[in-house]
Amino acid sequence: MEKKPLIKPRTMSAVKDFVCVVPALIFLVVFTYYPICKLVQISFTDWNLINETWKYVGLKNWIWLFNGSGTKYLLNSLKVTAIYTVGELSITLIGGMALALIFNRFNRAFSIMRAVVFVPKYVAMSSAAVVFLWILDKEHGIVNYLFSLVGLPAVDWIGSRGTAMISVLLLTGWRAVGYGMMIYLSAMISISSDYYEAAALDGASAAQRFFKITLPMLSPTTLFLFVTTFLSSMKVFQSVDILTGGGPYRSTEVFVYKIYSYAMVDFRMDRASVMAIAFFILLLVVTASTFKVSNKNVHYDS
């Protein structure tokens, strides 16, 4: 009579699968979930890096942020971040779509031009920002030099409240528009030519083919680019830190830079933690809302 195994094969397989997942779970717990829990804990303290001791203060930091002196800084950071986000979304989606339509030709010349537009995506943001510091410099920058050749006055691109955000978006656009172009271009290739042939036989114009065929077929790609660009634009930090330092007059003080300022400049880890949690909740709500609204407007028929 055969002996039954002490552990069923299905159970043994499940145990093996779990053992394989354990390293990833440990990594997530140590580097993701524990820091989040610690962040929530710090938000209820008065932890200042200058002092050696701290104590729990309840909801004091939350009241400071939403109903105290921190509210004006919160609202300003939200406004600045929203302006930047709209700018980067416009550049990536509209600019990327326009370039994809222009460069949707498959020969050597257009391949070279696509590569030239896309290569800035691989340039490190820190390196690109330093170069743009020189390009946009008021006294020695190449942009103002070109302006002087045609008789235009020099512009303080980085030091002026009206142009500082434009300077940051110029850097962002230079790096991001090629990425949007390549994503849209790869999606356009997958659209069947039968749609365009049938539309042409029906007498549809180029504009009608774009709005009735291309644009709806690209809606999943647009959703993907919208969500990824939105998340990256909300988390912008390095370009602002190097180009403007949040100035002038807080005109480029985006949300993440404000969190950094509280933590590493003012040494107020308690206030930085509260803002970080509020920022996380904001991203979560907006992203979830985007997916819910887009379900009715995105077509997956390509």
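The values are calculated or read from the model by the stated rules, or taken from the named source; none is laboratory data. As the structure is a prediction and not an experimental result, all values here were calculated from the model. Reconstructed Cβ throughout: ideal geometry from the backbone, glycine too, with neighbour counts over all protein chains shown.
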Query raised in the report: Does at least one position in segment 29-52 carry a residue that is touching a Ser or Thr at 6+ places or on another chain (Cβ under 7 Å) and of a type in the set (Ser, Thr, Tyr)?
Result: yes
Query raised in the report: Which of the residues belonging to segment 132-142 are out of contact with any Gly (no Cβ under 7 Å at 6 or more places or on another chain), loosely packed, with under 13 Cβ neighbours inside 10 Å and assigned to a helix (DSSP H, G or I)?
Result: Ile142
**Report entry** Number of the condition not met by Asp194 [criteria: (1) at pLDDT below 90; (2) acidic (Asp, Glu); (3) surrounded by 14 or more Cβ atoms within 10 Å (Cβ to Cβ)]
**Finding:** (3)
Query raised in the report: Can you name the condition, by its number, that Ile91 falls short on among (1) closer than 19 Å to Leu218 by Cβ; (2) β-branched (Val, Ile, Thr); (3) exposed (fewer than 13 other Cβ atoms within 10 Å of the Cβ)?
Result: (3)
Query raised in the report: When residues of segment 107-126 are filtered for being free of Cβ contacts under 8 Å to residues at least 24 places away in the same chain and either closer than 19 Å to Ser167 by Cα or surrounded by 13 or more Cβ atoms within 10 Å (Cβ to Cβ) (or both), how many remain?
Result: 3
Report summary line: Note on Tyr249: of the conditions (1) free of Cβ contacts under 8 Å to residues at least 24 places away in the same chain; (2) surrounded by fewer than 18 Cβ atoms within 10 Å (Cβ to Cβ); (3) not in a helix (DSSP H, G or I), unmet is (1)
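In this structure, does Ala100 turn out to be part of a helix (DSSP H, G or I), closer than 25 Å to Leu223 by Cα and in contact with a helix residue (DSSP H, G or I) (Cβ under 9 Å, 6 or more places away or on another chain)?
Taking the combined requirement at face value, the residue satisfies it.
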Query raised in the report: Does Trp157 satisfy the condition of being among the aromatic types (Phe, Trp, Tyr), under 25 Å from Phe237 (Cβ atoms) and surrounded by 13 or more Cβ atoms within 10 Å (Cβ to Cβ)?
Result: yes
Query - Residue list for segment 206-245, restricted to those being assigned to a loop (DSSP other than H, G, I, E, B) and buried (at least 21 other Cβ atoms within 10 Å of the Cβ) - result: Leu218, Val236, Thr244
Query raised in the report: Within segment 210-226, can one find any residue that is within 20 Å of the chain's Cα centre (by Cα) and without any contact (Cβ under 8 Å) to a residue 60 or more places away in the chain?
Result: yes
